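Scroll down for the structure; my scribbles are underneath it.
Any read-out appearing in this document is the output of simple, stated calculations on the displayed coordinates, not a laboratory observation. Because the structure is a prediction, the values reported are computed rather than measured. Positions of Cβ are generated from backbone atoms using ideal geometry, with glycine treated the same way; all protein chains shown enter the neighbour counts.
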Amino acid sequence: MDRQENYRKWQVSRRRLLKLAGVAGVAAVAAPLLPTLLTKIGGASAESDGTGKKASRRQWAMVIDLRKCEGCVTKDQAPQCIEGCNKEHFVPQGQEWIRVFEMEGAGGHSYFLPRPCMQCENPPCVKVCPVGATYRTQEGIVLVNHERCIGCRMCMAACPYGVRVFNWDQPENPPGATFASYSPEFPIPHRRGTVEKCMLCAHRVKDGKIPACAEACPMYAIYLGDLTEDVATNGKEVVKLSRFLADTNAFRLKEELGTRPRVWYIPGHGQESGHTVDAEHQPIKTARSWQEMEATDKKASAEDHGGH
Amino acid sequence: MEPGAEQRLEEVALRPLTHTSRGWYLWLGLLLLLTGGGFWAYSTQLQRGLAATGMRDTVVWGLYISNFVFFSGVSMAGTFVSAILRITGAEWRRPLTRVAELTTVSALLMTALMPAVDMGRPDRLLNLLKYGRLESPLIWDILVIPTYLTASAIYLYLFLIPDAAVLRDRLKGKASWLRQRLYSMVAVGWHGRPEQRRRLEIGGGVMMLLVIPIGVATHSVVSWIFGMTYRAGWNSTIFAPYFAVGALYSGMAMLITIMIVFRRVYHLEEYFTEKHFRYLSYMLVAFGVIYLYFSIAEYLTVSYKLEGGEKLLLTELFFGRYSYLVWPGFLLGQILPLLVALRWARALPILFTLTILVNAGMWIKRYIIVVPTLANPLMPYEWGVYTPTWVELAITAASFGGFALIITLFAKLFPIISVWEMTEGAEIAAAKEEPGSAAARPATLAAQSGGHGND
Ligand code: SF4
Ligand code: SF4
């Protein structure tokens with residue numbers, strides 16, 4: 001039952017709140033203050049919860065090797081990470097929790113960039129949620145409590161990576177979903193009017209399995225890592241995480257924002273290492289100067305022709 | 001006041017309460033139709049969920065949030081005009097404080113309604129109280145807007161008490177039983193006794209000092225819903241004052257519009273005079289110029305640097321897919337209305353048109369703050385598209401209808417001019433002019449033109 005541990009902690013602080021609220025008989029206007037304080041207290045005591053577990057707690061991370069990812073075009077398939085995710089989570093129609101973008105790199109060639117949730121260490125989405133429905137577990141996974149989400153979509157506005165999707169309509173659920181025991185780590189059934197996102201397969205990683213996308217990737221491009229133990233694996237090989245990142249000039253998306261993503265990318269097809277790939281939201285336009293060069297070339301050759 | 005002016009004021013101010021024209025019923029019918037349509041649209045939305053709207057994963061907010069920002073802006077009128085003018089003791093304010101405060105309350109009700117309509121899970125509204133977290137900018141709004149609403153409602157109410165007492169006494173036995181009850185309840189035993197007056201003064205004084213910072217706070221927290229994100233177009237440090245000034249501009253224009261309507265319909269020519277419109281126009285121009293300054297400061301700095309996302313946004317705003325909104329909004333809503341600084345543009349039909357244009361422009365501005373920024377891709381995907389559905393349009397129309405409806409009904413129950421404040425103003429003027437002589441009171445207009453007798 002320890003998969004429910006984090007969720008239970010929420011409930012505990014909630015119960016505490018209710019008790020306190022009862023005793024104090026606080027005015028409704030002051031109420032929002034209390035959960036905040038109590039979560040703070042609850043969070044603080046949980047971190048040093050006396051079990052001494054803190055040191056050994058896992059800190060999940062992900063590494064995506066762009067050298068290997070080919071968007072599954074060479075396999076003539078839809079991106080398998082998306083497919084794997086869809087199957088694992090019964091992702092509602094029209095949503096993609098992990099997306100694969102075709103990026104244009106310097107020099108005019110293109111490469112593929114799978115984008116799961118970055119599981120930010122300083123997650124903007126968590127900060128803005130008015131009811132604490134989005135929260136970050138102590139193992140570094142950002143989850144959504146679909147039983148609490150009010151559907152304000154503030155988190156969607158705040159996420160700088162466009163990760164979050166919304167159940168605008170009643171999503172289809174797998175048969176028997178109504179009887180499934182819901183947990184934010186494995187959010188079935190899906191509910192209308194709530195927000196959805198990639199949650200690093202929280203239900204799998206705690207059982208020692210790599211996320212569904214990583215498992216489905218035919219190129220073994222996706223690694224699950226643990227910062228505490230400093231290892232990462234794609235299901236085929238195990239690497240020393242810090243070394244792997246250092247050796248490969250790994251970078252993170254939009255690092256300048258300070259969200260401190262837990263997803264690292266290993267540059268491959270010529271993208272400048274350490275550079276934020278999508279800083280300009282468009283192909284990195286060295287092409288502009290090329291156009292100019294071309295233009296001058298043309299002009300020059302035209303002049304040549306004219307000369308003859 | 002010249003003899004008889006007091007009676008005339010009461011007659012003019014109270015007449016609409018007892019006499020109802022056919023036009024009024026037509027107007028009421030129209031507003032009820034609009035609001036009714038909104039309820040119908042909302043019930044559709046409840047059934048079908050937010051899928052009934054045009055919002056989708058990229059553009060996650062649309063008309064509702066635009067309306068929310070718009071109405072919060074309109075609500076600034078009352079606070080500013082009424083409270084600031086009262087504090088500074090501007091005598092000419094007397095006939096227009098009530099309209100201003102009423103506009104605030106009515107606009108704030110619509111402001112509060114819009115985010116609720118926008119919620120994906122309206123059934124979980126109470127979660128905001130149960131689990132509210134102070135870190136979230138949304139909670140700041142949830143705290144501040146009801147506070148502002150309460151404060152401005154109290155503020156409106158306090159200065160209504162003496163007038164309700166007048167109504168209680170004048171309409172005794174003339175109005176329906178229900179109305180008489182209402183007036184005597186609202187009047188809470190007011191008899192204008194010195195110590196009652198003193199208490200009103202203290203209470204009103206406290207409220208008017210309170211509503212100003214609360215009003216400024218409201219516009220700041222509304223802006224911070226956007227300003228606290230990383231998005232191009234929202235990621236700005238000047239958003240709070242930018243919104244506050246925009247609110248003043250928009251609210252002032254709305255106040256002028258409503259005053260012109262009341263002047264015409266309720267025959268208040270004697271009380272809403274050229275002088276009022278001149279002063280309000282000057283204030284409108286002042287806010288307009290400050291708003292322009294903020295707009296330039298905002299857009300110039302980002303367009304100079306042309307940081308990636310900002311560049312994309314600006315290009316689409318000024319030369320791309322939103323230029324058909326941006327340019328008219330800017331030229332007609334922000335530049336053209338500055339004409340009211342000139343005398344000929346203050347002819348009421350022109351002034352009316354220009355103030356309407358201001359608010360049309362401000363609404364567009366709200367829309368282009370909300371939608372294009374969301375549509376601007378964060379990752380290399382296509383621009384988001386957003387086309388409002390009839391549900392959103394109907395609810396938007398209903399919010400304007402509801403705004404007008406509240407004002408209309410209120411004006412049916414209570415005088416739209418603060419009668420007792422006018423009388424008090426006249427007394428002050430008389431005392432200044434010729435102490436002791438009631439017969440030689442200055443002409444009626446002195447009540448508005450102020451005891452100081454200068455412009
Ligand atoms: S949509 Fe749900 S998870 Fe996101 S901010 Fe609103 S309440 Fe929180
Ligand atoms: S990537 Fe977006 S959704 Fe994921 S943790 Fe960061 S801000 Fe939240």
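Could you tell me which of rounded, prolate or oblate describes region A:106-260, using a ≥ b ≥ c as the square roots of the eigenvalues of the alpha-carbon gyration tensor, with rounded for a/c under 1.5 and, failing that, prolate when a/b is larger than b/c and oblate otherwise?
Working: a/c = 1.76, a/b = 1.43, b/c = 1.23.
Taking the square roots of the gyration eigenvalues as a ≥ b ≥ c, region A:106-260 is prolate.
Through the Karplus equation 6.51 cos²θ - 1.76 cosθ + 1.60, θ set to phi - 60°, convert the phi angles of region B:338-347 into ³J(HN,Hα) values in whole Hz; use x for Gly and Pro.
So the J values, rounded to whole Hz, are 5, 4, 4, 5, 8, 5, 4, 6, 9, 4.
Kindly rank B:370-377, A:173-180, A:85-92 from highest to lowest mean number of other beta carbons found within 10 Å of each residue.
Values: B:370-377: 22.6, A:173-180: 10.8, A:85-92: 18.8.
Ranking the peptides B:370-377, A:173-180, A:85-92 by packing returns B:370-377, A:85-92, A:173-180.
Once both axes come from the Cα atoms, what is the angle between helix B:419-433 and the longest principal axis of chain B, in degrees from 0 to 90, rounded to 10?
60
Would you give the gap between the C-alpha center of region A:221-242 and the C-alpha center of region B:109-154, rounded to a whole Å?
Between the Cα centre of region A:221-242 and that of region B:109-154, the gap is 44 Å.
Mind pulling the angle between the C-alpha long axis of helix B:194-227 and the longest principal axis of chain B? Nearest 10 degrees, somewhere in 0 to 90.
It works out to around 10 degrees.
Give me B:Thr229, B:Thr79 sorted ascending by neighbouring Cβ count inside 10 Å, so fewest comes first.
Going from least to most buried by this count: B:Thr229, B:Thr79.
Holding the Cα-Cα limit at 27 Å, pick out from B:Lys174/B:Lys412; A:Lys75/B:Lys311; B:Lys172/B:Lys275; A:Lys75/A:Lys236 the pairs that are longer than that. Please list the in-between numbers first.
On the way: B:Lys174/B:Lys412 15 Å; A:Lys75/B:Lys311 37 Å; B:Lys172/B:Lys275 36 Å; A:Lys75/A:Lys236 19 Å.
Where the Cα-Cα span goes over 27 Å, the pairs concerned are A:Lys75/B:Lys311; B:Lys172/B:Lys275.
Taking the Cα centre of each part, how many Å lie between region B:38-84 and region A:66-133?
Comparing the Cα centres of region B:38-84 and region A:66-133, I get a distance of 32 Å.
Is there a quick way to get the dipole size of region B:3-448? I mean about its Cα centre, with the Cβ of Lys and Arg at +1 and of Asp and Glu at -1; what is the value in debye to the nearest 20? Please list the in-between numbers first.
Values: 38 positive and 28 negative charges, 156 e Å.
Here region B:3-448 has a charge dipole of around 740 debye.
Using all C-alpha to C-alpha distances in region B:3-448, build P(r) with 10 Å bins and read off the rounded percent in each one.
In whole percents, the pair-distance histogram is 4, 19, 30, 25, 14, 6, 2, 0.
Can you give me the long-range amide H partners of B:Met55? Hydrogens built in the peptide plane at 1.01 Å from N, cutoff under 5 Å, separation of 5 or more residues or another chain.
The list, which skips near neighbours in sequence, is empty: none.
Residue farthest toward the positive end of the dipole of chain B, with Cβ of Lys/Arg at +1 and Asp/Glu at -1: which of B:Leu312, B:Ala164, B:Met208?
Positive-end residue among those listed: B:Ala164.
Mind sorting B:Leu178, A:Leu66 by how few other Cβ atoms lie within 10 Å of their own Cβ, fewest first?
Listing B:Leu178, A:Leu66 from fewest to most nearby Cβ atoms yields B:Leu178, A:Leu66.
Taking amide H positions as placed 1.01 Å from N in the peptide plane, with prolines and chain starts having none, which residues 5 or more places from A:Phe101, or on another chain, fall under 5 Å of its amide H?
When sequence neighbours closer than 5 places are left aside, the close amide H contacts are A:Leu113, A:Arg115.
How many Cβ atoms of partner chains, on average, are near each residue of B:142-151 if near means within 10 Å of its Cβ?
1
Could you put B:Asp118, A:Asp65 in order, starting from the residue whose Cβ has the fewest other Cβ atoms within 10 Å?
Least to most surrounded, the residues fall as A:Asp65, B:Asp118.
To the nearest 10 degrees, how steep is helix B:390-413 against the longest Cα principal axis of chain B, on a 0 to 90 scale?
The helix B:390-413 is inclined about 10 degrees to chain B.
Other chains near A:123-130: what is the mean number of their Cβ atoms within 10 Å of each residue's Cβ?
5
Can you list the residues, at least 5 places off or on another chain, whose amide H is less than 5 Å from the amide H of A:Ser183, using H built in the peptide plane?
A:Ile188
Under the definition of partner shielding as Cβ atoms of other protein chains within 10 Å of a residue Cβ, what is the mean value for peptide B:119-126?
Per residue, the number of nearby Cβ atoms from other chains is 6 on average.
Over the C-alpha atoms of region B:167-314, what are the Rg and the largest Cα-to-Cα span, Dmax, in Å?
Final numbers for Rg and Dmax: 22.8, 72 Å.
Quick one: grab the alpha carbon gyration tensor of region B:1-107, order the square roots of its eigenvalues as a ≥ b ≥ c, and give me rounded if a/c is under 1.5, else prolate or oblate depending on whether a/b is larger than b/c.
Since a/c reaches 1.5 but b/c is at least a/b, the shape of region B:1-107 is classed as oblate.
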